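Everything below concerns the one structure shown next.
The values are calculated or read from the model by the stated rules, or taken from the named source; none is laboratory data. Everything quoted here is computed from the prediction, not taken from an experiment. Ideal geometry is used to build each Cβ from the backbone, glycine not excepted, and the neighbour counts take in all protein chains shown.
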Amino acid sequence: MQKFNLDVRGVAETLIALLAGLLASSILILSYGYDPIKAFYWLFYGGFGSLESILDTLGYATPLMLTGIAFGLCFKGGMFNVGVEGQAYMGAIGAIIFGGLVPRLLPFLSPFSLILALAGSMLLGLAWALPPALLKAYRGVHEVISTIMFNWIAYNFVMFLVRGPLVNPSRPEMSLPVVENARFSVVPGSAVLTTAILASIFSAVLIHLLLTLTRLGFEIRITGSNIDAAKYSGINYKNIVITSFLLSGALSGLAGGLVITGRPPVWALYGTLGNIMNVGFDGMGVALIGRNHPLATILSGIFIGGLWNGSRLMEPYSGVSSELSRAIIGLIVIALSIPELSKRLSRILQG
Amino acid sequence: MIKKSLVITIVVFVAFLFLLEYAGISSLKIIDTALLAMTPLALAAIGEVINEKAGVTNIGLDGILLIGATLGVYGAELAGNGYIGLLFGALAGALIGFIHGVLSTYGRADQVVASMGINIFAYGFVPYFLMAVWHMPGIRVPPKEVLVQLWNVPLGNFYFVFSELTILALLLAFVFNWLLQKTALGLWIRAAGESPEAIDAAGIDVHRVRILTATIGGLLAGLGGAFMSLVWFKGVVKEISAGRGFIALACVVASGLDPILATGFAFLFGFSEAVAYTFAVTPGIKEAIPYYFVFMIPYIVTLVVVAVMIGKRRFPRALGVPYKKE
Amino acid sequence: MKKRNGIKTIYAIIILVIIVVAGLAAYILTQGPAGVTAKPKIAVVSDIGGRGDLSFNDMGFKGAEEAARDFGWDIMELISKTEADYIPNLETAAKDPNTKLIVGVGFLLSEALAQVAVKYPDKYFAGIDTYAQDVVKQKYPDKYPLPNLIDIKFEEHKGSALVGALACLLAVNYDYPHVGMVLGIEIPVLWKFEIGYKWGCNWAIEWYKQKFPDQYASKIKNPDNILAQPVKERVLWTYTGTFSDITKGYEAAKAMYAKKAVAVYNVAGPLGLGINQALDEIAKARGLNMGPPFWIGVDADQDWINPGFVIASMMKRVDKGVYYAAYLVQKGKFKDIAMKNNGILLLGVGTKVDGESMEGISVSTLNDLDEFIKMGQAAEQYVGKKVLPMDPEQIRAKVKAMRDSVPQWVWQAVSELEAQIREGKVQVPLPQTESDVKGWREQLG
């Protein structure tokens, strides 16, 4: 009964925050002389108004859910893994190496390409999360610094790989694509969605179970809410730090891998890193809206995906610049940060 | 103990400068580039140091840089004067800082979430603003009259470029350090971060202190942004901050909330970035190392310095925790 | 008591919200798209980053605007935020019953463009810098070439050769040891600029050796002159890995100017602002009113941004390409032209299509400057704010004075090269693969 009440309040608060964000953005839109109703109409129609757009929205949401969960996991443990971005880049490279290069060099492994690609992406993402984790655990270097630096190092390193050793000789602006066997099937009716979304949802459920049912999950959550209590109860802080980061890195890596193996039409990484750029940062926004809860992150991922998808129709049909969808999300996140918004509102409403 | 590492740092730095000269690279040019690159980083970092000392986390620096740059240009064109533009950008940043401060105190908001929201909002708002106001998507080059000039000081064969804002940033580093250590206000700020209950009992309003620091933090970051568009690059593009707000944040965290050290890190970053890009252009080095690795230099250098020299730093006990009056 | 009221209110709010949302959703889903106007449209799908680069994407849009104005069409703009947006954007444009022409700007859209063009054979598609017909050949060989699709390509390497020649002759004339080039992200399109520029520089030096052998012999003894530098060190160049971080463009250009590059070629879009800043510092320090040193603009005519210091711009008339595609649709000639040329339009120096001159690449002239000044003035009227950095007459005067201050023989050389390219007497290299580029870098630096 208690738990049910808590959940309901959380949902209410999120919905209220959404409304607050939309309201604030309407004011913004109005102040420049555009019609907010028309703008939101097209925004939501574009994101959720037809079967095709819903499918596309799910396609957009696929990697966002995972980076969101990755960030949320560390956040539950009291750490800011700003490095989800760089770990996703490395994950994408992992998918290309293990799902593109290896099956070509060793054809007998071809039937396992997809598994290899996904495992490879998780491995590289994990490996990239290791140095910041070690620096924090043993040297006390705050993860914010190390992960930001590692993001930039990853950016340059991945660009080097895509241009150099992993380049596609016949299409030098891209990396090698992953082989046919390493591609998720495209869902008919959509240009973006593949069965990769199942991998995302599966991972989300897995992490939720980890956090709620296992001892490790419990320890992570304790460390996040009260470090001193955690240490006094015998939890090995260093281990938790490293484990959380590694898990988070693996998830981000998987997200990067899903962008490669789960998105038509190129199944490769562009030389400009365009298809993987911001997957991490947007995931952070998704996590925050989903209050770092894995299952809620699925929903917020779909919501954000819908906003991205719908914003393309906002510009041509209502004149409002599509980047405004970002501003709207920002306002929603800010509104969400106020924990007792609903309580205060209800107090106001009660007079 | 600090003195010793300071001496070592200076010696290593000067030695490196000689090395550059020997390689045919003008070290003075690198230094003035480094100072320019340092300015927005340092301004934002110093502001955030004060903020975090009082217990408020604002990771929205990147967004405030961006908004400061954009609204700075807007204000400059409105008033026809670059300095007013700088003020405008700073005030825009101050407003955002103020709102964040209020949300963090009276709103008991989750500060990380709220400031992340500021970033996301800014990334969307700025291109929208550029389009809505100037009908120019993504870029605005203001007329020359409204810009603030950089100073060009000829020094023999060279000329040294810098701005009043650079000097301001350096001054502020020392002023704020003095403020924090030696004044009553500084004491309140530090107490607000360490043990808010104590000063509450002493009759000082914790919320007011935090709102003040949040506003100052936003103001400085906004000024840093306006510097980039009005003084340095004479124009604003929708991605002008390019993640530098996070670099400033890294400087803040790396320095352990010391304004002078934070400025030092900002300089270190600007310096290594300038060196890296000069290396990338120098014919000899090109063949040896692919430029991607050269570009990693500023990030690796910063990380190494932090890991080796700084290590663990203590942060205020009440950082990020909304204060509840009993 | 208070707590129960609080919870009740929360429930009430939730229920209310859900009802409202559900109602809206039902309304939306049953209505279908509304607000679609009846005028024919041209849709422009831009690449990631969209407009505001003062060059490439902006030029594409300029062409669309002019076509819309001349033919009475509307414009529909779709900006791609990630590559996942390409197909949805193109399809959104194609599904709109009023769009007649859909333009995809940027070579990264090639796959998407091919896929959507195959799916909507009744709509016309044009790509800028794309190789969509190649994709069609690979993926849908029985449909190749698609009659409703034209790839509009440009010969940037030829234009870059022209400005490369210009830059190096400036170095020869003013006794500077280097020329410079700042590039963005290393993608194959930029190779054309990179190698073309270096090749043009080399051509110019050979030309000078033949034309002015005495001056050549004396200048080569001057260690500060480009003639005295080893071939591979003539051009200072670097990719910056970004099309948006101006600081990096600034730092790279500053290093080049510090090494006494006489002109820096901007191949990085908005980073031109950084290059300009680096140049401006030198100008202020030495009290210069015009170059040397200079920078070279790209894609659009950028001479007006800093009059007197932008020696010329390598214009890539993306706007003309887009306009031409629209023109073909309007005149019903699209399919003919597409089939005649295997679906590819290659616009370059001296290009003729169907008997009409369709020059896509040129070095900016004073006439081009006028055209862009007029554009700036129109924009000023529309927005009510200043766009041009100074009075149009002043701009014209400064640019003209700058050009006049450069000796005539330099301009003559550039014209000569242009003529040779036009007549096919010289082949500017067109690097297609990594090994091509490596080979040329071995030779030219």
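A compact table of results
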{"read-out": "Condition check for A:GLY234: on the phi > 0 side of the Ramachandran plot and not hydrophobic (A, V, I, L, M, F, W, C)", "value": "yes"}
{"read-out": "Segments classed as helices (runs of 4 or more DSSP H), wholly inside the range A:163-236, with at least 3 members that are of a type in the set (A, V, I, L, M, F, W, C), in contact (Cβ under 8 Å) with a residue 12 or more places away in the chain and touching a helix residue (DSSP H, G or I) at 6+ places or on another chain (Cβ under 9 Å)", "value": "A:196-213, A:215-225"}
{"read-out": "C:ILE87 being touching a residue at least 12 places away in the same chain (Cβ under 8 Å) and surrounded by fewer than 22 Cβ atoms within 10 Å (Cβ to Cβ)", "value": "no"}
{"read-out": "The range C:93-105: number of residues that are surrounded by fewer than 24 Cβ atoms within 10 Å (Cβ to Cβ) and either in contact with a helix residue (DSSP H, G or I) (Cβ under 9 Å, 6 or more places away or on another chain) or at the interface with chain A (Cβ under 10 Å from one of its Cβ atoms) (or both)", "value": "5"}
{"read-out": "Neighbours by Cβ (under 9 Å, 6+ apart or cross-chain): first from the range B:72-95, part of a helix (DSSP H, G or I); second of a type in the set (Gly, Ala, Ser) and surrounded by fewer than 22 Cβ atoms within 10 Å (Cβ to Cβ)", "value": "B:GLY85/B:ALA79; B:LEU87/B:ALA79; B:PHE88/B:ALA79"}
{"read-out": "Qualifying position, being in contact with a His (Cβ under 6 Å, 6 or more places away or on another chain) and in the same structural domain as C:GLU416 (by TED's automatic domain parsing), among C:ALA204, C:ALA261", "value": "C:ALA261"}
{"read-out": "Helices (runs of 4 or more DSSP H) completely within the range A:48-160 that count 1 or more residues being in contact with a strand residue (DSSP E or B) (Cβ under 8 Å, 6 or more places away or on another chain) and either in contact (Cβ under 8 Å) with a residue 12 or more places away in the chain or under 21 Å from A:LEU193 (Cβ atoms) (or both)", "value": "A:51-76, A:84-96"}
{"read-out": "Out of C:ILE14, C:ILE87, sole residue that is more than 14 Å from chain B (Cβ to nearest Cβ) and modelled with pLDDT under 75", "value": "C:ILE14"}
{"read-out": "The range B:265-283: number of residues that are in contact with an Asp or Glu (Cβ under 9 Å, 6 or more places away or on another chain) and surrounded by fewer than 22 Cβ atoms within 10 Å (Cβ to Cβ)", "value": "1"}
{"read-out": "Top-ranked residue of the range C:376-402 - restricted to ones that are aliphatic (A, V, I, L, M), under 22 Å from the mean Cα position of the chain (by Cα) and closer than 21 Å to B:VAL73 by Cβ, ranked as surrounded by the most Cβ atoms within 10 Å (Cβ to Cβ)", "value": "C:VAL387"}
{"read-out": "Tabulated pairs, the range A:22-38, first within 12 Å of chain B (Cβ to nearest Cβ), second polar (S, T, N, Q) and part of a helix (DSSP H, G or I), C-beta under 8 angstrom, 6+ apart or interchain", "value": "A:TYR34/A:SER318"}
{"read-out": "Residues satisfying the stated conditions in the range B:94-109, i.e. of a type outside the set (Ser, Thr, Tyr) and either more than 23 Å from the chain's Cα centre (by Cα) or crowded, with 23+ Cβ neighbours inside 10 Å (or both)", "value": "B:ALA94, B:ILE96, B:GLY97, B:HIS100, B:GLY101, B:LEU103, B:GLY107, B:ARG108, B:ALA109"}
{"read-out": "Condition met for A:SER252 (out of contact with any Asp or Glu (no Cβ under 7 Å at 6 or more places or on another chain), more than 14 Å from chain B (Cβ to nearest Cβ) and crowded, with 18+ Cβ neighbours inside 10 Å)", "value": "yes"}
{"read-out": "Filtered residue count, the range A:117-157, keeping only those that are over 20 Å from B:ARG244 (Cα atoms) and either within 8 Å of another protein chain (Cβ to nearest Cβ) or surrounded by fewer than 24 Cβ atoms within 10 Å (Cβ to Cβ) (or both)", "value": "12"}
{"read-out": "Selection count, the range A:310-342, where residues are buried (at least 24 other Cβ atoms within 10 Å of the Cβ), under 19 Å from C:ASP96 (Cβ atoms) and more than 7 Å from every other protein chain (Cβ to nearest Cβ)", "value": "4"}
{"read-out": "Of all residues in the range B:110-128 being in contact (Cβ under 8 Å) with a residue 60 or more places away in the chain and within 21 Å of the chain's Cα centre (by Cα), the one that is surrounded by the fewest Cβ atoms within 10 Å (Cβ to Cβ)", "value": "B:VAL112"}
{"read-out": "Residue selected from the range C:280-303 under the condition hydrophobic (A, V, I, L, M, F, W, C) and surrounded by fewer than 24 Cβ atoms within 10 Å (Cβ to Cβ), by the criterion nearest to the other protein chains (Cβ to nearest Cβ)", "value": "C:ALA285"}
{"read-out": "Some residue of the range A:296-305 being of a type in the set (Ser, Thr, Tyr) and over 11 Å from A:ALA61 (Cβ atoms)", "value": "no"}
{"read-out": "The listed residue being within 18 Å of the chain's Cα centre (by Cα) and buried (at least 21 other Cβ atoms within 10 Å of the Cβ), out of C:LEU346, C:LEU328, C:LEU369", "value": "C:LEU369"}
{"read-out": "Those residues of the range C:260-289 which are in a helix (DSSP H, G or I) and modelled with pLDDT under 85, in sequence order", "value": "C:GLY269, C:PRO270, C:LYS284, C:ALA285, C:ARG286"}
{"read-out": "Some residue of the range C:72-84 being modelled with pLDDT under 65, crowded, with 24+ Cβ neighbours inside 10 Å and acidic (Asp, Glu)", "value": "no"}
{"read-out": "Test for B:GLY218: is it of a type outside the set (A, V, I, L, M) and either crowded, with 24+ Cβ neighbours inside 10 Å or not in a helix (DSSP H, G or I) (or both)", "value": "yes"}
{"read-out": "The range C:160-189, residues that are more than 15 Å from C:VAL264 (Cα to Cα) and within 14 Å of chain A (Cβ to nearest Cβ)", "value": "C:ILE185, C:GLU186, C:ILE187, C:PRO188, C:VAL189"}
{"read-out": "Number of the condition not met by A:TYR41 [criteria: (1) at pLDDT 85 or above; (2) buried (at least 24 other Cβ atoms within 10 Å of the Cβ)]", "value": "(1)"}
{"read-out": "Test: residue in the range A:9-24 that is modelled with pLDDT of 80 or more, among the basic types (Lys, Arg) and in a helix (DSSP H, G or I)", "value": "no"}
{"read-out": "Any hit, the range C:136-159, residues being farther than 19 Å from C:ASN266 by Cα, within 13 Å of chain A (Cβ to nearest Cβ) and either surrounded by 24 or more Cβ atoms within 10 Å (Cβ to Cβ) or at pLDDT 90 or above (or both)", "value": "yes"}
